[in-house]
Amino acid sequence: MKTFFHVEDIGDLNAALKEAEEVKKNRFAWKHLGQDKTIMLVFFNNSLRTRLSSQKAALNLGMHPIVLNIGAESWKLETEMGVVMDGDKSEHIKEAIPVMASYCDIIGVRSFAHLEDREFDYAETILEQFVKYSGKPVISLESATVHPCQAFADLITINEYKRNKRPKVVLSWAPHPKALPQAVPNSFAEWMSAADVDFVITHPKGYELDPKFTRGSRIEYDQMKAFEGADFIYAKNWSNPGVTNPEDYGKVVCKDMDWTVGARQMAVTNNAFFMHCLPVRRNMIVTDEVIDAPTSLVIPEAANREISAQVVMKRMLESLDK
Ligand code: AN0
Ligand code: CP
């Protein structure tokens, strides 16, 4: 495996879920694979789960993790090509990437969407430069448009908790005061449309995700209707994807608190489990009552981030010398 960005990169989903089950049961069984190998985890943005679960997954595999927080600990990096570097950025990624790559075997990158130029973000400009200039396998630890480690952990969680063969899974937009990227809902939609689930997306009109990720998934604009009979509710805010109106890209055009997931909506579900990738703003995205209920999966879901990361790193280590 050379890159981990999209659901296709993991291949057969049932095989991946089986491997996740094995890794979870016996996480130290592949310690030999990472011996004398190093993974560089590069963070342009904040993180709690991704940085910790990635380090833990690497350690489980006997691999050395190095974490670099760009800007805070390194030089500030310029990511635009052909610019006069007379601002606050001391080093260009064109040098920084091959230098970082020279010290490691695998690279993970967290680089959020800037939410200014849709074309720049949706071309995954920064992530692609890591592929081009590192020559190493690259994992997206949430890049401009995808968060595959999260979506894989979400699928593992749904597979563990499902009470019927083909559960109904609903991705619901929910309000948030700040503009957030579309990476989490994009990847969740991409992975759910490939999985054996009945998948529905609900959001206010105008918040349509890119069809490249939704792949013909059902959209229901009435949140209550979408929630009817659901087995899993996956809440997430995202800023305007700019699909229906390019000028709205990255904007917060709706803050309607009727969309906050609460007891009212959960009452029409099939006693659904509640999921969120975290960090979550309580009583904006979800009420205390719903996130504190026994049906809330946010903690086991976050714990599965170690497992999804480990399966991905394990596969990359296995294919390193091939
Ligand atoms: C980020 C986002 O929505 O993409 C990271 C989520 C994993 N969330 C925030 O910045 C609050
Ligand atoms: N879910 C997730 O990726 O969390 P962090 O931003 O804390 O890594």
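The values are calculated or read from the model by the stated rules, or taken from the named source; none is laboratory data. Everything quoted here is computed from the prediction, not taken from an experiment. Cβ: placed from backbone, ideal geometry, glycine included. Neighbour counts: every protein chain shown. Just the protein is used for accessible areas: all its heavy atoms, side chains included, with ligands, DNA and RNA removed. Shrake-Rupley method; radii C 1.70, N 1.55, O 1.52, S 1.80 Å.
Take V138 and tell me if it is modelled with pLDDT of 95 or more and within 19 Å of V243 (Cβ to Cβ).
So V138 fails the test.
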Among the residues of the stretch 145-158, is there at least one that is within 11 Å of ligand 1 (Cβ to nearest atom) and over 18 Å from A16 (Cα atoms)? yes
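If you scan the stretch 12-38, which residues turn out to be closer than 13 Å to M316 by Cα and either out of contact with any His (no Cβ under 7 Å at 6 or more places or on another chain) or part of a loop (DSSP other than H, G, I, E, B) (or both)?
Passing the criteria: W30, L33, G34, K37.
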Just to be sure I understand the filter: pairs with C-beta atoms under 6 Å, separated by 6 or more residues or on different chains, first member in the stretch 97-125 and free of Cβ contacts under 8 Å to residues at least 40 places away in the same chain, second member open to solvent by 30 Å² or more (accessible area, probe 1.4 Å). Which pairs pass? I97/Y133; P98/Y133
First in the stretch 227-243 and assigned by TED's automatic domain parsing to the domain that holds P279, second anywhere and among the polar types (S, T, N, Q) and within 16 Å of ligand 2 (Cβ to nearest atom), Cβ under 9 Å, 6 or more apart: F232/T157; W238/Q182; W238/N186; S239/Q182; N240/Q182; P241/Q182; P241/N186
Condition first: out of contact with any strand residue (DSSP E or B) (no Cβ under 6 Å at 6 or more places or on another chain) and of a type in the set (S, T, N, Q). Now tell me which residues in the stretch 294-314 satisfy that. N304, S308, Q310
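Name the single residue, out of those in the stretch 43-65 being aliphatic (A, V, I, L, M) and more than 16 Å from ligand 1 (Cβ to nearest atom), that is nearest to the chain's Cα centre (by Cα).
This residue is A57.
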Which of the residues spanning the stretch 207-225 are closer than 13 Å to G242 by Cα and buried (at least 16 other Cβ atoms within 10 Å of the Cβ)? Y207, E208, L209, D210
